[in-house]
Amino acid sequence: MSRHTKLLNEFSRSKSQAEFLNKLQKSRKAVEINANGTSGYKIQNGKNRGKVLKHLKKSSENI
C-alpha cells in the first residue's frame, strides 16, 4: 500500500504546483507593446522615461 500512497502524494504535489504556476501566470501584468503607434516597449518611469526599447523597423526592400 505504501507504493500507492507515494504515487498519490506525488500526483497531488504536482497538481498543486501546476495550479500555483497557473495562478502566477494569470496574475502577471502585460507590457504595453505597440502602444501609441510605437513598434517597441516604451519606458514609463525613471530617468529614461519616454525612450522606446527594441524599436523594430522594416526596410522598404522587404515590403
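Results, tabulated for the structure shown:
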item: Gain on full stretching of the segment that runs from Asn22 to Glu61 - 0.36 nm per residue minus C-alpha separation; result: 9.8 nm
item: Long-range HN-HN contacts of Tyr41 with modeled amide H, under 5 Å; result: Leu53
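Bear in mind these aren't lab numbers, they're just calculated from the coordinates by the rules spelled out. It should be emphasised that the depicted structure is a prediction, and the values quoted were computed from it without experimental measurement.
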